[in-house]
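Student: Structure below; questions to follow.
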Amino acid sequence: MRLTQVAAAGPVLGVIAGVAAGLWAGAWAGVAAVAVVAVAAGFVGWVERRRYLAWAYRERDEDLIVSRGVLVRRISVVPYGRMQFVEVTAGPFERVFRLATVQLHTAAAASDARIPGLERDEAARLRDRLATLGEARAAGL
Amino acid sequence: MTEHPEDATSPEDAQSPEDAQSAGGAVGVGWHRLHPLSSLISAGRVLSGLVGIFALSLVTAGSYKHDLYQLIVAAGLVVTGLVRWLVTRWKLDGATLRIETGLLRRDSRQLPMTRIQAVDVERPFLARILGLAALHIRLAGAGKEGDRLAYLTVGEAARLRATLLAGQHGLDPATPEPAELPVIAVPAGRVIGATLLRAAPRFGALAVIAVAAVTAVPGIFLAAESTLGLIALGLVTRTWQQVTGRYGFRVATSPDGIRIRRGLLSTVAETIPFRRVQAVRLEQPLLWRPFGWCRLVVDVAGVAGRDSGPKAGGLTRALLPVGDMNEAQHLVGLVLGHDIPELTRPPKRARLKAPLSYHFLAAGHNRVMAVTVTGRVCQKTVYLRLEKLQSVRLTQGPVQRKLSLASVHGDAAGRRAHAVFSDRQADQARGLLDELADLSRNARNAESAG
């Protein structure tokens with residue numbers, strides 16, 4: 001999802017920077033500005049791609065595992081019975097691409113089980129499944 | 001909206017104390033009022049101040065005309081309190097406590113007894129003089145003021161607490177309050193000494209700043225003095241509050257939970273059912289180490305609040321403000337069970353990643369409990385029963401990956417209850433993650449089955 005954002009924003013920013021620099025300091029500065037923006041966009045795109053590839057989740061019988069992170073690897077295991085509620089959000093960019101983010105909340109503030117960039121149907125399926133499983137295995141605090 | 005169904009309630013109200021007596025210790029049915037004097041106590045501090053000012057000006061100036069508005073404010077406070085008393089009522093409805101309040105905006109709360117996390121009996125100084133007490137009922141995630149019944153007579157508060165706690169344990173609400181067994185009393189001298197020792201670095205820093213400022217710029221003396229004086233005053237007040245809040249600290253156990261009593265002028269009696277304890281933390285600040293002192297804090301699910309003072313919020317409570325290691329171990333055993341796992345140290349290479357905390361790092365777990373030790377200057381030990389685990393996480397930063405280390409976190413409900421198996425071997429950490437998840441599930445199933 002972020003990848004597409006970068007892909008869209010990169011050329012636009014490049015053109016703007018090039019035109020601005022070209023008007024202000026001549027044509028060569030404009031070309032240099034476009035090159036800088038292109039390299040930056042490429043780098044950010046690469047980082048985001050790594051991030052995207054590192055993000056994975058698996059539904060096991062009793063718990064959900066979410067792993068993520070490139071520099072700092074994180075693996076979260078959240079038992080279904082400990083789930084307080086499931087949150088599905090979709091920001092403006094996500095809505096354009098018909099994507100959504102599913103997040104599990106437990107009573108612990110530190111739990112972080114967030115799965116971004118799911119297809120909308122998959123997000124709805126996951127939400128319903130998690131809610132059902134959570135209800136079936138619910139445990140008190 | 002403003003009319004209050006007084007006609008429906010007044011008959012029961014008039015009889016409620018007698019009803020309670022005849023029911024053999026249980027709280028009577030029907031709607032109850034708070035004590036009529038409660039409005040006076042709520043407004044007490046402001047009221048006494050205003051009356052004081054009025055009297056002072058009457059004596060010194062011989063005229064009261066200028067200060068008439070203070071009387072009006074005082075009268076307003078009393079009337080507000082009276083109205084609040086008039087519109088507030090409570091009732092036991094099976095296994096639910098219902099509290100209704102509010103004149104313009106009616107607020108009706110239902111507190112299911114099975115969801116109660118802790119019950120506190122708070123007695124501010126004025127309330128103690130009048131023989132009254134406030135009952136503060138803590139639920140996970142509930143608001144602050146609404147779940148407070150202020151004020152009831154002491155006997156009524158005790159009866160209602162017994163009823164609520166019996167309901168919390170799923171017993172017949174009429175069960176009388178079980179006898180309690182005193183465990184530990186903290187001597188006053190130790191409370192004062194330990195509190196002063198903890199405040200000492202701050203006072204020291206303040207003195208250093210004061211001396212430095214005065215010697216560097218002699219002319220600054222007045223300005224610096226007033227500012228620093230204010231800060232010092234704040235520190236003194238805080239220290240005083242901590243001493244009075246922890247004075248006479250006693251811990252007792254009874255079948256319905258751990259009972260903590262504390263306070264010099266205002267007293268608080270907290271009751272935490274054993275099953276509601278999420279985690280216990282043991283802390284050993286640097287300056288306490290020569291005396292072998294430590295303190296214990298219990299984490300209870302609820303809204304974050306202040307740690308100390310008579311109005312302490314939920315979440316964390318001192319189980320032992322200061323004590324020696326034997327007492328602490330004994331209390332941990334009482335609260336969480338005596339099956340304490342053995343601790344193992346992380347591999348030597350972890351020193352490269354955590355040079356400042358390596359000397360403390362240790363962790364261990366068995367089938368029922370996880371224990372972890374962390375900290376740089378202040379040693380912190382977390383005891384966590386596995387059925388309380390909300391989620392398990394593994395994190396591995398870049399340095400840890402180079403050293404093939406990883407940390408495993410176990411989260412309990414709340415913001416701070418959190419055990420870290422810091423810098424374990426990476427391959428073992430992955431196994432530990434799954435093992436903790438499995439053990440926690442088994443412990444949870446065993447608990448719900450038993």
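Student: Does B:Leu331 satisfy the condition of being in a helix (DSSP H, G or I), more than 16 Å from B:Val298 (Cα to Cα), in contact (Cβ under 8 Å) with a residue 24 or more places away in the chain and not aromatic (Phe, Trp, Tyr)?
Tutor: On the way: in a helix (DSSP H, G or I): yes; more than 16 Å from B:Val298 (Cα to Cα): no; in contact (Cβ under 8 Å) with a residue 24 or more places away in the chain: yes; not aromatic (Phe, Trp, Tyr): yes.
The answer is no for B:Leu331.
Conditions tested, residue by residue: (1) at pLDDT 80 or above; (2) away from every other protein chain (no Cβ under 14 Å); (3) farther than 22 Å from B:Thr88 by Cα.
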| site | (1), (2), (3) |
| --- | --- |
| B:Leu130 | yes, yes, no |
| B:Ile137 | yes, yes, no |
| B:Glu145 | no, yes, no |
| B:Gly155 | yes, yes, no |
| B:Arg159 | yes, yes, no |
| B:Gly167 | yes, yes, yes |
| B:Leu171 | yes, yes, yes |
| B:Thr175 | no, yes, yes |
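Student: Residue check, B:Glu156 against (1) crowded, with 18+ Cβ neighbours inside 10 Å; (2) over 19 Å from the mean Cα position of the chain (by Cα); (3) part of a strand (DSSP E or B), all met but one. Which one?
Tutor: Only one criterion in (1) crowded, with 18+ Cβ neighbours inside 10 Å; (2) over 19 Å from the mean Cα position of the chain (by Cα); (3) part of a strand (DSSP E or B) is unmet by B:Glu156, namely (3).
Student: Which residue out of B:Ile260, B:Ile272 is in contact with a strand residue (DSSP E or B) (Cβ under 6 Å, 6 or more places away or on another chain), within 20 Å of B:Arg190 (Cα to Cα) and at pLDDT 85 or above?
Tutor: Values: B:Ile272 fails: within 20 Å of B:Arg190 (Cα to Cα).
Result: B:Ile260 is the single residue among B:Ile260, B:Ile272 that is in contact with a strand residue (DSSP E or B) (Cβ under 6 Å, 6 or more places away or on another chain), within 20 Å of B:Arg190 (Cα to Cα) and at pLDDT 85 or above.
Student: Next question. If you go through the range A:121-130 one residue at a time, do you hit one that is touching a residue at least 12 places away in the same chain (Cβ under 8 Å), in a strand (DSSP E or B) and more than 13 Å from chain B (Cβ to nearest Cβ)? Before you say what the answer is, go through the steps one by one.
Tutor: Residues of the range A:121-130 that are touching a residue at least 12 places away in the same chain (Cβ under 8 Å), as a first pass: A:123-124, A:126-127, A:129-130.
From the residues that got through so far, the ones that are in a strand (DSSP E or B) too are none.
No, the range A:121-130 contains no residue that is touching a residue at least 12 places away in the same chain (Cβ under 8 Å), in a strand (DSSP E or B) and more than 13 Å from chain B (Cβ to nearest Cβ).
Student: So if I check each of B:Val371, B:Val377, B:Val382, which one is surrounded by fewer than 22 Cβ atoms within 10 Å (Cβ to Cβ) and under 28 Å from the mean Cα position of the chain (by Cα)? Please lay out each step first, then the result.
Tutor: Values: B:Val371 fails: surrounded by fewer than 22 Cβ atoms within 10 Å (Cβ to Cβ); B:Val382 fails: surrounded by fewer than 22 Cβ atoms within 10 Å (Cβ to Cβ).
Of the residues listed, the single one that is surrounded by fewer than 22 Cβ atoms within 10 Å (Cβ to Cβ) and under 28 Å from the mean Cα position of the chain (by Cα) is B:Val377.
Student: Still on this model: Limited to the range B:89-107, what total is found for residues that are aliphatic (A, V, I, L, M) and touching a helix residue (DSSP H, G or I) at 6+ places or on another chain (Cβ under 9 Å)? Break it down stepwise before answering.
Tutor: Initial filter on the range B:89-107 (aliphatic (A, V, I, L, M)): B:92, B:95, B:97, B:99, B:103-104.
After this cut, where a residue has to be touching a helix residue (DSSP H, G or I) at 6+ places or on another chain (Cβ under 9 Å) as well, the list is B:92, B:95, B:97, B:103.
Total satisfying the criteria: 4.
Student: Counting only residues that are within 14 Å of chain B (Cβ to nearest Cβ), buried (at least 17 other Cβ atoms within 10 Å of the Cβ) and aliphatic (A, V, I, L, M), which one in the range A:87-110 is farthest from B:Asp299 (Cα to Cα)?
Tutor: A:Leu104
Student: Is it the case that the range B:410-417 has a residue that's assigned to a strand (DSSP E or B), over 28 Å from the mean Cα position of the chain (by Cα) and within 12 Å of chain A (Cβ to nearest Cβ)?
Tutor: To start, the set of residues in the range B:410-417 that are assigned to a strand (DSSP E or B) comprises B:410-411, B:414.
Narrowing further to those that are over 28 Å from the mean Cα position of the chain (by Cα): none.
No, because not a single residue in the range B:410-417 is assigned to a strand (DSSP E or B), over 28 Å from the mean Cα position of the chain (by Cα) and within 12 Å of chain A (Cβ to nearest Cβ).
Student: Now for a separate question. Would you please name the residue that is nearest to A:Ala109 (Cα to Cα), looking only at residues in the range A:62-98 that are of a type in the set (D, E, K, R) and part of a loop (DSSP other than H, G, I, E, B)? Talk me through it step by step, then tell me what you get.
Tutor: Step one: list which residues in the range A:62-98 are of a type in the set (D, E, K, R), which gives A:62-63, A:68, A:73-74, A:82, A:87, A:94-95, A:98.
So of that shortlist, the ones also part of a loop (DSSP other than H, G, I, E, B) come out as A:62, A:98.
Details: A:Glu62: 21, A:Arg98: 29 Å.
Here the answer is A:Glu62.
Student: Report yes if B:Leu389 is touching a Gly at 6+ places or on another chain (Cβ under 9 Å), within 8 Å of another protein chain (Cβ to nearest Cβ) and crowded, with 22+ Cβ neighbours inside 10 Å, otherwise no. Can you show your working first?
Tutor: Working: touching a Gly at 6+ places or on another chain (Cβ under 9 Å): yes; within 8 Å of another protein chain (Cβ to nearest Cβ): yes; crowded, with 22+ Cβ neighbours inside 10 Å: yes.
Here the answer is yes, as B:Leu389 does meet what is asked.
Student: What is the residue count in the range A:43-63 for residues that are without any contact (Cβ under 8 Å) to a residue 40 or more places away in the chain, surrounded by 16 or more Cβ atoms within 10 Å (Cβ to Cβ) and within 14 Å of chain B (Cβ to nearest Cβ)?
Tutor: Narrowing the range A:43-63 to residues without any contact (Cβ under 8 Å) to a residue 40 or more places away in the chain: A:43-44, A:46-47, A:50, A:53-54, A:56, A:58, A:60-61, A:63.
Those left that are additionally surrounded by 16 or more Cβ atoms within 10 Å (Cβ to Cβ): A:44, A:63.
Filter once more, so that each one left must be within 14 Å of chain B (Cβ to nearest Cβ): A:63.
So the answer is 1.
Student: Tell me which helices (runs of 4 or more DSSP H) are completely within the range B:1-100 and hold 1 or more residues being touching a Pro at 6+ places or on another chain (Cβ under 8 Å) and at pLDDT 85 or above, or say none if there are none.
Tutor: Values: elements: B:6-22, B:38-42, B:44-61, B:68-87.
Counting at least 1 such residues, we get B:68-87.
Student: With respect to A:Val66, determine if the residue is away from chain B (no Cβ under 12 Å), free of Cβ contacts under 8 Å to residues at least 60 places away in the same chain and surrounded by 18 or more Cβ atoms within 10 Å (Cβ to Cβ).
Tutor: Values: away from chain B (no Cβ under 12 Å): no; free of Cβ contacts under 8 Å to residues at least 60 places away in the same chain: yes; surrounded by 18 or more Cβ atoms within 10 Å (Cβ to Cβ): yes.
No.
Student: Quick check on B:Leu394: is it in contact with a Gly (Cβ under 7 Å, 6 or more places away or on another chain) and either surrounded by fewer than 22 Cβ atoms within 10 Å (Cβ to Cβ) or facing chain A (nearest Cβ under 8 Å) (or both)? It would help to see each step written out before you state the result.
Tutor: Details: in contact with a Gly (Cβ under 7 Å, 6 or more places away or on another chain): no; either surrounded by fewer than 22 Cβ atoms within 10 Å (Cβ to Cβ) or facing chain A (nearest Cβ under 8 Å) (or both): yes.
For B:Leu394, the condition - in contact with a Gly (Cβ under 7 Å, 6 or more places away or on another chain) and either surrounded by fewer than 22 Cβ atoms within 10 Å (Cβ to Cβ) or facing chain A (nearest Cβ under 8 Å) (or both) - is not met.
Student: Next question, about the same structure. Here is a check on your reading of the model: is B:Pro355 in contact with a Gly (Cβ under 7 Å, 6 or more places away or on another chain), part of a loop (DSSP other than H, G, I, E, B) and either outside the structural domain of B:Ser422 (by TED's automatic domain parsing) or within 27 Å of A:Arg74 (Cβ to Cβ) (or both)?
Tutor: On the way: in contact with a Gly (Cβ under 7 Å, 6 or more places away or on another chain): no; part of a loop (DSSP other than H, G, I, E, B): yes; either outside the structural domain of B:Ser422 (by TED's automatic domain parsing) or within 27 Å of A:Arg74 (Cβ to Cβ) (or both): yes.
No: the conditions fail for B:Pro355.
Student: Moving to a separate point now. Can you go through A:Arg98, A:Arg74, A:Arg60, A:Arg82 and tell me which one is within 16 Å of the chain's Cα centre (by Cα), farther than 17 Å from A:Glu122 by Cβ and not small (Gly, Ala, Ser)?
Tutor: A:Arg74
Student: Sticking with this structure for a sec: Those residues that are touching a Lys or Arg at 6+ places or on another chain (Cβ under 7 Å), outside any strand (DSSP E or B) and charged (D, E, K, R), I need them from the range B:253-294; list them, please.
Tutor: none
Student: Sticking with this one: May I ask you to list the residues in the range B:96-114 that are buried (at least 16 other Cβ atoms within 10 Å of the Cβ) and under 15 Å from B:Pro173 (Cβ atoms)?
Tutor: B:Leu97, B:Leu111, B:Met113
Student: Conditions first: (1) free of Cβ contacts under 8 Å to residues at least 60 places away in the same chain; (2) within 15 Å of B:Ser38 (Cα to Cα); (3) surrounded by fewer than 20 Cβ atoms within 10 Å (Cβ to Cβ). B:Trp90 passes all but one, so which condition is the exception?
Tutor: So B:Trp90 meets the others, but not (3).
The values are calculated or read from the model by the stated rules, or taken from the named source; none is laboratory data. Just so it is clear, the structure is predicted and the values come from calculations on it, not from any experiment. A quick note on method: Cβ atoms are made from the backbone with ideal geometry, for glycine too, and the neighbour counts reach across all protein chains shown.
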